[in-house]
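Structure, as structure tokens:
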Amino acid sequence: MQTMTNPSCGRACAALVFLSVVVSGSADDARPEFQSSRLSVGLAPATPAFAFFAVDSLGRGERLENVILNRKLGEGNSTLEALEQNAFRYTQLADGKPIELWRVKFSEHRIVLRSEFVPHATVPPFVLLIDQKKNHATLLGHLVPGEMKVRTPAVLHLPDQGTFRITANHTNAALDYDARRRQPENFVRVEFPPATKEQGMVEYTQNVTLIHPELPGLADNPLYDGYRRSFLNLIQLHPRLRTLANNSSSDVCGFCLWQYAELAVQESAAAKAERIVKGELTKRKWDEKTLAARRKGDARKVVAQRLRRETTVTLAWIADRLQMGTQTHLAHLLYWSKRDEK
């Protein structure tokens, strides 16, 4: 690309051009700390926030373009430190000593954010700030009455990239959620609140997933890749209007309401299955962290058997939701459990 310069401008113009390149580059040239076939994630250097965020739910390493609005993250006074492989933490000085604010760990299809309560310290939330011109992301779940908060479990969907299922180790956990346009930047903002004194420790887990109706042959036919990756594109939750809308910061239109009504005619299998899972967790006094810590073949198979009896969700969905390994392992477990009952 040729650059035209004014000879009378001289060194002053050259300095301004150089400065503009440096300033603009510093905001938009974030690089990922972690990459896999499903995730590409980077962290801001001085504030608990994502600086690079992309997902491919199909696991092919495609469409991993950064969606973060970095220039609006702010400076912050935290320090990012690398720990063991794929693990990081944010610290802050208090009375000359570093205190840990957040710990972050990445794996092939998972992001874990962990915060422990620190007395007499103001711990900032962990921020996901998405540039809506890059991606019309939305957070889906139950809104807290009177607040722009979504309870966990929730679903974070990035149209044409993929989907995260977000869970927390506390049943009362909720994520702050906002979206605006013409500010002048369009944005979608999700904040993960730090641990409270009552919680002691809070851990948020973001699992890459696919959410779509199961039809025979979908996974084997690339013609349906867009359908599998983007089925949720239709569903957008507006946090300020507290309703489903055209997108998370746009108006509600009649056509969208008709589409949502069509979807709501029947309770989806996944929604029914999720309701059963939550009820079983409550009955056993388990939370999501307890579920993850249990052995794959323990009481969870009872829940899995109930899901097979009462819903039409796939073995893959059950194995993923109950964290019971692969669908092959689950099928084997259920087969022998059924034989033992005879």
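Below are the figures for this structure:
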read-out	value
Relative exposure of Lys278, Lys283, judged by other C-beta atoms within 10 Å (fewest first)	Lys283, Lys278
Inter-probe distance in nm under a simple model that places probes 7 Å from Cα toward Cβ, at Ala271 and Leu234	1.2 nm
Whole-Hz ³J(HN,Hα) from phi, Karplus 6.51 cos²θ - 1.76 cosθ + 1.60, for the range 180-186, glycine and proline x	9, 9, 6, 10, x, 7, 7
Farthest toward positive dipole pole in the range 269-341 [+1 Lys/Arg, -1 Asp/Glu at C-beta], among Ser337, Gln323, Ala270	Ser337
Label-point gap, in nm, between His120 and Thr282 - each point 7 angstrom along Cα→Cβ	4.1 nm
Length released on extending from Glu108 to Ser37, taking residue separation times 0.36 nm less the Cα-Cα span	24.8 nm
Quotient of Cα Rg and 2.2 N^0.38 Å for the chain, N being how many residues it contains	1.11
Percent of alpha-carbon pairs separated by more than 23 Å within the range 28-232	45 percent
C-alpha center-to-center spacing [the range 141-183, the range 41-81] in angstrom	17 Å
Lysines whose Cα lies under 28 Å from that of Lys272, excluding same-chain neighbours fewer than 8 positions away	Lys149, Lys283, Lys285, Lys289, Lys296, Lys301, Lys338
Residue exposure sequence - Leu93, Leu291 - by fewest surrounding Cβ within 10 Å	Leu93, Leu291
Gained length - Thr91 relative to Thr312, 0.36 nm times residue gap less alpha-carbon distance	75.0 nm
Relative compactness, the range 235-294, computed as alpha-carbon Rg over 2.2 N^0.38 Å	1.57
Estimated dipole of the range 269-341 in Debye, rounded to 20 [Cβ of Lys and Arg +1, of Asp and Glu -1, Cα centre]	160 debye
In order through the range 166-175: 3J(HN,Hα) via Karplus (6.51 cos²θ - 1.76 cosθ + 1.60), integer Hz, x for Gly, Pro	9, 10, 9, 8, 10, 5, 9, 6, 8, 9
Spin-label pair Asn172/Lys134, simplified geometry with 7 Å Cα→Cβ offset, distance in nm	3.6 nm
Per-residue Cβ neighbour rank within 10 angstrom, fewest leading, Glu75, Glu33, Glu81	Glu75, Glu81, Glu33
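Taken together, the values in this text are just the output of simple stated rules run on the coordinates, not laboratory data. A quick note: this is a predicted structure, and the numbers were derived from the prediction, not measured. FYI the Cβ positions are ideal-geometry reconstructions off the backbone, even for glycines, and counts take in every protein chain you see.
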